[in-house]
Amino acid sequence: MDGASTRYAGGYNGGGYGYEKNASVVTSGGGGATHISLKTGLLSTLSNDLDSILIAAAGGSGGYAYYSSTKTDTFWNGNSGGGVIGGYSFDKTKAATQTTGYSFGQASDTEDTYLTTSNHSGGGGGLYGGFSSWGEKGSGGGSSYIGNDLLFDKKVYCYQCEESNESNTKTIATTEKSTDAIKNYVKIGSGHARITYLGI
């Protein structure tokens, strides 16, 4: 890229973008969230209508790779989307939760001073989006949401995530994952939602 900067878009519905400053680095944007709501619009537009959100399934963050002719190539996987808490950013101090994160419905997606002088992958979207990390680090995934009182027998499965036994944040960690939509598995790739009409 000869010193030029490249921006990689994040996934639809809140994924943060990746920012690439030099040719030896490859980054990617974070995954967006999948949500079902009683109101239309992106998740980020529903911060004042939390009761309208039935579920929000978080996206994972983007990956990062460094290629060099003088040292071993280095890869950092993205961090997974979570349940009650999203995957942490690289320093283990910042994570999206049920009440805070980079922004409601939006992962880190800003070109402030240090981000434009470095490389970073995009954070994952979710109820609250994950944080981007500068340099050769992994960014954070978003948090999921099942707190709507209209739901029952509710739980979230996420990859090697922090668990919760509370009824409104029930989170179960798993290592099962698939590109297909399989019950109790983590979904790889694009999000998937299925709605079944049960009648009245």
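Every read-out reported here was derived from the displayed coordinates using simple, explicitly stated rules and does not represent laboratory data. Since this is a predicted model, take the numbers as computed values, not measurements. Don't worry about glycine lacking a Cβ; one is built from the backbone with ideal geometry, like all the others, and counts go over all protein chains shown.
Under the simplified labelling scheme, the Ile195-Thr175 pair shows an inter-label distance of 3.7 nm, with each label point 7 Å from Cα along Cα→Cβ. Averaged over residues, the count of other Cβ atoms within 10 Å places the peptides 182-194, 95-107, 50-62 in the sequence 50-62, 95-107, 182-194, highest first. If the chain linking Leu150 and Asp49 were pulled fully straight, counting 0.36 nm for each residue of separation and taking away their Cα-Cα distance, it would gain 34.9 nm. Note on the chain: antiparallel DSSP beta bridges, both residues inside, total approximately 75 percent of the bridges counted. Ranked by how many other Cβ atoms sit within 10 Å of their own Cβ, fewest first, the residues Glu176, Glu20, Glu162 fall in the order Glu176, Glu162, Glu20. Pairs exceeding 23 Å between alpha-carbon atoms, taken from Lys94/Lys154; Lys155/Lys177; Lys94/Lys177; Lys21/Lys187: Lys94/Lys154; Lys94/Lys177; Lys21/Lys187.
Shape class of region 158-200 from the Cα gyration tensor (axes a ≥ b ≥ c, square roots of the eigenvalues): oblate, since a/c reaches 1.5 or more and a/b does not exceed b/c.
Summary of packing: across the peptides 121-133, 37-49, the per-residue average of other C-beta atoms within 10 Å ranks them, highest first, as 121-133, 37-49. Multiplying the residue separation of Ser167 and Tyr67 by 0.36 nm and removing their Cα-Cα distance gives an extension gain of 31.5 nm. Counting beta carbons within 10 Å around each of Ile172, Ile85, Ile195 and listing the fewest first gives the order Ile195, Ile172, Ile85.
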